[in-house]
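Student: Okay, handing you the structure first.
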Amino acid sequence: MIASFGFGVLVLTFLVSLYGIGAAVYGVRSGKAAWVESARHAQQLTFPLVTLAAGALVYLLVTGHYEVSFVYSVTSNAMPLYLKITSWWGGQAGSLTFWIWLLSAFTTAVTLRRWERDREFLPWVIVVSLVTVAFFLALVIFFENPFSRFWATPTGEVEAFFQPANSVPIFPSDGRGLNPLLRHPGMIIHPPMLYLGFVSFVIPYAFAIAALVTGRTDDRWIRITRRWTLVAWLFLSLGLVLGGRWAYDVLGWGGYWGWDPVEIAAFMPWLSGTAFLHSVMIQEKRGLFKRWNMVLIILTYCLVIFGTFLTRSGVLSSVHAFAQSAIGPMFFGFIGVMFILSLALLLYRWSDLEAEGHMHSLLSRESLFLFNNLLFMGILVVCFSGVIFPLVSELLTGQKVTVGPPFYERATAPLFVGLLFLMGIAPLSAWGHSTVRTLGRALWKPALVSVAVLGLVLLAGVRSFGALLGFWLVAFTASVTLYEYGRAVLARARRTGENLWMAFWNLAGRNRRRYGGYTIHLGIVLMAIGIIGIEIFQQETQGTLKAGDSIQLAGYTVTYRKLDEFDAPDGRNVARAVVDVFRGGRYLGELHPRRDYYYASQQPMTIPGVRSTLEDDLYVLLVDWRPISAEGATFKVFHNPLVNWVWIGGIWLIFGTLVAAWPDRDPEAEQARASGRERLARQTA
């Protein structure tokens with residue numbers, strides 16, 4: 001009954017979405033505002049309807065209705081309540097339903113805003129939003145139904161929503177349970193953050209298409225969607241950071257980023273979205289890059305759908321799995337249609353998107369922002385080619401090649417270096433016109449500080465060219481950012497008589513975008529410290545130890561004490577080693593690396609024992625054990641210098657994004673931004 005109710009609500013939502021699309025188009029074509037308003041109400045109805053369907057699915061998960069195939073595949077009696085709820089996004093059908101629920105929430109929210117100034121955008125925003133909602137609803141209704149049930153037929157067991165002929169329902173007493181890798185706290189939060197980032201980018205794309213259709217190609221659509229874009233970028237950034245932490249804690253290879261296609265699927269829209277966030281500032285300030293910004297937001301939307309396609313279509317396992325997948329061709333066709341239609345609209349309005357000015361200097365801030373965008377696009381091209389090449393190779397030759405981390409690291413390292421360098425010089429470059437001399441005058445103090453830091457790094461014994469270059473860039477970029485912020489704080493304190501803390505606080509409050517951006521840059525710098533440490537200085541070793549034996553790495557001594565094996569109440573067998581850690585003869589404590597084996601799903605999971613400081617991590621894995629044999633246990637040990645600065649930088653980056661996205665409390669700032677382009681035009685005329 002509950003499953004039938006949930007499925008029926010999904011079908012009703014699909015019909016409401018189709019009605020909303022038709023009503024919006026008819027209303028705008030006929031000039032009848034009542035139809036557009038009806039479409040708006042249809043849009044607003046999607047969220048409560050999908051919420052009902054989602055509630056039905058969660059109820060089935062929590063109460064253990066294992067006759068529903070999705071419930072059987074992701075839950076079990078031994079799982080705690082919170083895991084039963086979060087298993088909603090632990091499988092394909094459920095995750096697509098979760099995607100729809102979030103998408104309907106965001107697209108409904110955008111229709112609740114005041115539309116008096118932007119009435120012509122409304123119908124087309126509704127159309128784009130509901131087309132996307134309807135597409136994903138079609139996937140779950142016709143191909144990946146989360147409410148399908150098990151049936152016993154004369155020819156065997158089948159999964160279907162409607163009862164096949166000559167069949168009887170099957171009621172399993174227990175489920176298979178959630179994949180052990182998905183039981184980590186990071187995976188409870190990581191997928192929702194990524195999905196929130198994905199669906200949020202639908203909003204600026206919808207406004208961009210509305211601007212192209214209506215011919216209103218000024219800055220209005222950008223101003224409306226600025227915070228939507230920042231919110232999307234915030235969630236996507238948080239999802240990537242949490243995904244890295246999950247990989248570090250669970251996957252057992254001593255790292256946080258492996259250039260896996262699933263990781264890259266989320267990273268690509270982040271790259272284009274980051275480029276877009278930088279580029280729109282130039283359009284607002286100088287009236288430049290209008291066409292480029294349209295390209296970027298169209299690309300970001302398509303990459304959002306493409307990323308979902310990569311992870312949900314089966315194409316990553318093989319092109320044959322894609323060909324046999326029910327939803328793979330659907331995704332491929334939808335991406336193609338949306339991209340072609342968007343490109344056609346862009347070409348149709350090409351002449352209306354002509355820039356209002358010109359770049360006068362290669363060293364001006366707008367030029368440096370353009371170089372920044374090109375570097376982001378370069379990294380995106382590397383990522384896209386690395387994901388696509390194995391698939392094309394398999395399609396053409398029948399053999400699948402592997403593109404591993406060395407390819408990505410060699411190809412992207414110079415581009416990341418360029419981005420870090422531009423982060424250092426762009427804040428002190430002038431709008432409109434800048435020269436080597438004026439830039440040098442602005443940069444010499446931070447450059448001097450960075451050279452001093454480089455000297456300290458050399459004195460510390462670092463001789464790797466990559467590390468020296470990286471630490472110099474980190475010091476240079478951090479010095480420029482702090483210098484620019486500090487100079488503004490001192491100027492405000494002198495002008496207003498405020499103390500330095502109040503000047504700092506009020507300055508950020510008056511221009512949240514600018515100083516939130518500086519905070520984000522500092523977060524990137526902190527993350528870069530950790531990346532340099534683990535990528536260049538990581539060490540590892542492996543050994544099989546008897547009780548009392550030791551293994552040494554990077555000044556640490558790891559001594560194997562014992563191994564305990566027991567069954568846990570949640571249906572897993574736990575093999576937990578106890579190792580003692582020493583450094584320089586001093587006892588630092590004990591670690592407990594372990595391997596868990598889940599009986600229901602018949603899957604193992606390796607959990608490292610980690611000793612963390614700001615200086616480094618000692619990361620110990622229990623690779624194998626033979627409690628009866630004299631061979632003892634095998635351990636793999638990693639020494640990861642500075643890795644925790646990745647997580648500290650990630651937190652700082654998120655904080656900076658919140659600052660940038662927070663509504664301005666000073667109306668003077670909004671007015672200043674609105675008149676910024678005219679003022680700058682007069683200065684550079």
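The values are calculated or read from the model by the stated rules, or taken from the named source; none is laboratory data. Quick caveat, the model's predicted, so the values are computed rather than measured. Every residue, glycine as well, gets a Cβ built from its backbone with ideal geometry; the counts of neighbours run over all protein chains shown.
Student: Among the listed residues 52, 83, 45, 96, which satisfies the condition of being in contact with a Gly (Cβ under 9 Å, 6 or more places away or on another chain) and under 23 Å from residue 176 (Cβ atoms)?
Tutor: Residue meeting the stated conditions: 83.
Student: Counting only residues that are part of a helix (DSSP H, G or I) and not hydrophobic (A, V, I, L, M, F, W, C), which one in segment 159-183 is farthest from residue 239 (Cα to Cα)? Give the steps one after another, and end with the answer.
Tutor: Our first condition is that a residue be part of a helix (DSSP H, G or I); within segment 159-183, this holds for 180-183.
Next cut, not hydrophobic (A, V, I, L, M, F, W, C) only: 180, 183.
On the way: 180: 19, 183: 16 Å.
Ranking the candidates gives 180 first.
Student: While we're here: Quick check on this structure: which one of 430, 442 is hydrophobic (A, V, I, L, M, F, W, C), part of a loop (DSSP other than H, G, I, E, B) and surrounded by 14 or more Cβ atoms within 10 Å (Cβ to Cβ)?
Tutor: Only one candidate qualifies: 430.
Student: If I filter segment 357-365 for residues that are part of a helix (DSSP H, G or I), over 23 Å from the mean Cα position of the chain (by Cα) and either modelled with pLDDT of 85 or more or farther than 28 Å from residue 135 by Cα (or both), do I get at least one hit?
Tutor: yes
Student: Is it the case that segment 33-49 has a residue that's under 26 Å from residue 113 (Cβ atoms), outside any helix (DSSP H, G or I) and modelled with pLDDT under 95? Before you say what the answer is, go through the steps one by one.
Tutor: Initially, segment 33-49 is screened for residues under 26 Å from residue 113 (Cβ atoms), giving 33-49.
Now restrict to residues that are outside any helix (DSSP H, G or I): none.
No, segment 33-49 contains no residue that is under 26 Å from residue 113 (Cβ atoms), outside any helix (DSSP H, G or I) and modelled with pLDDT under 95.
Student: Hand me the list of helices (runs of 4 or more DSSP H) wholly inside segment 184-264 holding 1 or more residues that are in the same structural domain as residue 132 (by the TED database) and modelled with pLDDT of 95 or more.
Tutor: Per the criteria, no element qualifies.
One line per residue, one yes/no per condition, for (1) surrounded by fewer than 23 Cβ atoms within 10 Å (Cβ to Cβ); (2) farther than 19 Å from residue 370 by Cα; (3) β-branched (Val, Ile, Thr):
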| residue | (1), (2), (3) |
| --- | --- |
| 215 | yes, yes, no |
| 219 | yes, no, no |
| 227 | yes, yes, no |
| 232 | no, yes, no |
| 238 | yes, yes, no |
| 250 | yes, yes, yes |
| 276 | no, no, no |
| 279 | no, no, no |
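Student: I'm checking my understanding of the structure. Among residues of segment 176-192 that are crowded, with 21+ Cβ neighbours inside 10 Å and over 15 Å from residue 248 (Cα atoms), which one is nearest to the chain's Cα centre (by Cα)?
Tutor: 191
Student: Do you know which residues across segment 460-478 are assigned to a helix (DSSP H, G or I) and either out of contact with any Gly (no Cβ under 8 Å at 6 or more places or on another chain) or aromatic (Phe, Trp, Tyr) (or both)?
Tutor: Within segment 460-478, 465, 466, 467, 468, 469, 470, 471, 472, 474, 475, 476, 478 meet the criteria.
Student: Since residue 120 meets every condition but one in (1) under 30 Å from residue 41 (Cβ atoms); (2) in contact with a Ser or Thr (Cβ under 6 Å, 6 or more places away or on another chain); (3) in a helix (DSSP H, G or I), which condition does it not meet?
Tutor: Looking at each condition in turn, residue 120 falls short on (3).
For (1) at pLDDT below 95; (2) in a loop (DSSP other than H, G, I, E, B); (3) surrounded by 20 or more Cβ atoms within 10 Å (Cβ to Cβ); (4) more than 18 Å from the chain's Cα centre (by Cα), each residue gets a yes or a no:
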| site | (1), (2), (3), (4) |
| --- | --- |
| 285 | yes, no, yes, yes |
| 296 | no, no, yes, no |
| 299 | no, no, yes, no |
| 374 | no, no, no, yes |
| 377 | no, no, no, no |
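Student: Going through 66, 72 one at a time, which residue ends up being touching a residue at least 40 places away in the same chain (Cβ under 8 Å) and out of contact with any helix residue (DSSP H, G or I) (no Cβ under 9 Å at 6 or more places or on another chain)?
Tutor: Result of the check over 66, 72: 72.
Student: Read through the list (1) surrounded by 14 or more Cβ atoms within 10 Å (Cβ to Cβ); (2) more than 30 Å from residue 514 (Cβ to Cβ), then give the number of the only condition that residue 612 fails.
Tutor: (1)
Student: As an exercise: evaluate residue 60 against (1) in contact with a helix residue (DSSP H, G or I) (Cβ under 6 Å, 6 or more places away or on another chain); (2) within 27 Å of residue 330 (Cα to Cα); (3) of a type in the set (A, V, I, L, M) and give the number of the one condition it does not meet.
Tutor: Against the list (1) in contact with a helix residue (DSSP H, G or I) (Cβ under 6 Å, 6 or more places away or on another chain); (2) within 27 Å of residue 330 (Cα to Cα); (3) of a type in the set (A, V, I, L, M), residue 60 comes up short only on (2).
Student: On the basis of being part of a helix (DSSP H, G or I), touching a residue at least 12 places away in the same chain (Cβ under 8 Å) and either in contact with a Phe, Trp or Tyr (Cβ under 7 Å, 6 or more places away or on another chain) or crowded, with 18+ Cβ neighbours inside 10 Å (or both), does residue 457 make the cut?
Tutor: Criteria met by residue 457.
Student: Run down 152, 53 and say which single residue is over 24 Å from residue 603 (Cβ atoms) and either assigned by the TED database to the domain that holds residue 341 or in a helix (DSSP H, G or I) (or both). Walk me through it before giving the result.
Tutor: Working: 152 fails: either assigned by the TED database to the domain that holds residue 341 or in a helix (DSSP H, G or I) (or both).
Exactly one of 152, 53 is over 24 Å from residue 603 (Cβ atoms) and either assigned by the TED database to the domain that holds residue 341 or in a helix (DSSP H, G or I) (or both), namely 53.
Student: Only residues that are over 11 Å from residue 556 (Cβ atoms) and in contact with a Lys or Arg (Cβ under 9 Å, 6 or more places away or on another chain): list them for segment 583-601, please.
Tutor: Within segment 583-601, 589, 590, 592, 593, 594, 595, 596, 597, 598, 599, 600, 601 qualify.
Student: Check whether at least one residue in segment 585-592 is within 33 Å of the chain's Cα centre (by Cα), in a strand (DSSP E or B) and not assigned by the TED database to the domain that holds residue 467, and report yes or no.
Tutor: Taking every residue of segment 585-592 in turn, at least one turns out to be within 33 Å of the chain's Cα centre (by Cα), in a strand (DSSP E or B) and not assigned by the TED database to the domain that holds residue 467.
Student: Let me ask something additional. Residue by residue through segment 402-418, note down the ones that are among the small types (Gly, Ala, Ser) and either part of a helix (DSSP H, G or I) or touching an Asp or Glu at 6+ places or on another chain (Cβ under 8 Å) (or both).
Tutor: Listed by number, the residues that qualify are 411, 413, 418.
Student: Let me ask something else about it. Given the residues 253, 246, 259, which is the only one that is hydrophobic (A, V, I, L, M, F, W, C), more than 16 Å from residue 208 (Cβ to Cβ) and in contact with a Pro (Cβ under 7 Å, 6 or more places away or on another chain)? Spell out the reasoning first.
Tutor: Numbers: 253 fails: in contact with a Pro (Cβ under 7 Å, 6 or more places away or on another chain); 246 fails: in contact with a Pro (Cβ under 7 Å, 6 or more places away or on another chain).
When all the criteria are applied, what remains is 259.
Student: Are there any pairs with C-beta distances below 7 angstrom linking a residue in segment 594-610 that is in contact (Cβ under 8 Å) with a residue 60 or more places away in the chain to a residue that is basic (Lys, Arg) and outside any loop (DSSP other than H, G, I, E, B), with the two at least 6 apart or on different chains, and if so which?
Tutor: From segment 594-610, the pairs are 596/572; 598/572; 604/595; 606/595; 607/594.
Student: Mind telling me which of the residues 448, 454, 420, 428 ends up being closer than 30 Å to residue 389 by Cα and not small (Gly, Ala, Ser)?
Tutor: Checking each option against the conditions leaves just 420.
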